[in-house]
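S.K.: Before we start, here is the structure in question, set down as structure tokens.
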Amino acid sequence: METVAERRDLVGAPDETVLEVATSERRIVVTRNIVDFVPLSQQWSAAGRQHAGVVAVATKTFPQDRGFVGVATAALDGLLRRGHLPGPGQVVWLSRS
């Protein structure tokens, strides 16, 4: 796992660039930026393009408070353990386990 903040080449990059790089590296994007990445995924699909997958993290389900990191990490771990990661071109909504 790697965050955009850890990648100098991605800090401040447009969302499309983040998705392109993640796809070229066969990485799934996990994001709270639903308002941009869900429509971007739909645009890619309409254009016949496939990204490596997006996990959408809704703020209503995962409020950003002191427990956010632990709760979100546990939910991602559950998603992985259940084999429910998104496939190419798919968006999966993260839920509390």
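S.K.: Can you tell me which of 30, 92 is outside any loop (DSSP other than H, G, I, E, B) and touching a Pro at 6+ places or on another chain (Cβ under 8 Å)?
M.R.: Working: 30 fails: touching a Pro at 6+ places or on another chain (Cβ under 8 Å).
It is 92.
S.K.: Moving on. Determine which single condition residue 41 fails, assuming it passes every other condition in (1) surrounded by 15 or more Cβ atoms within 10 Å (Cβ to Cβ); (2) in a loop (DSSP other than H, G, I, E, B).
M.R.: (2)
S.K.: Go through the residues of segment 46-60 one by one and say whether even a single one is modelled with pLDDT under 95 and β-branched (Val, Ile, Thr).
M.R.: The answer is yes; a qualifying residue exists.
S.K.: Right, here's the next one. For the structure I just gave you, tell me whether residue 35 is part of a loop (DSSP other than H, G, I, E, B) and either β-branched (Val, Ile, Thr) or closer than 13 Å to residue 91 by Cβ (or both).
M.R.: Details: part of a loop (DSSP other than H, G, I, E, B): no; either β-branched (Val, Ile, Thr) or closer than 13 Å to residue 91 by Cβ (or both): yes.
Taking the combined requirement at face value, the residue does not satisfy it.
S.K.: For a quick check of your reading of the model, give me the residue pairs whose first member lies in segment 65-76 and is assigned to a helix (DSSP H, G or I), whose second is surrounded by 11 or more Cβ atoms within 10 Å (Cβ to Cβ) and not hydrophobic (A, V, I, L, M, F, W, C), with beta-carbon atoms closer than 6 Å and at least 6 apart or on different chains.
M.R.: From residues that are assigned to a helix (DSSP H, G or I), the pairs are 75/97.
S.K.: Condition check: part of a loop (DSSP other than H, G, I, E, B), within 12 Å of the chain's Cα centre (by Cα) and surrounded by 15 or more Cβ atoms within 10 Å (Cβ to Cβ). Does residue 52 satisfy that? Don't jump to the end; show me each part of the working.
M.R.: Values: part of a loop (DSSP other than H, G, I, E, B): yes; within 12 Å of the chain's Cα centre (by Cα): yes; surrounded by 15 or more Cβ atoms within 10 Å (Cβ to Cβ): yes.
Here the answer is yes, as residue 52 does meet what is asked.
The values are calculated or read from the model by the stated rules, or taken from the named source; none is laboratory data. Keep in mind the model is a prediction, meaning the values are calculated, not measured. Heads up, the Cβs are rebuilt from the backbone with ideal geometry, glycines too, and the neighbour counts pull from every protein chain shown.
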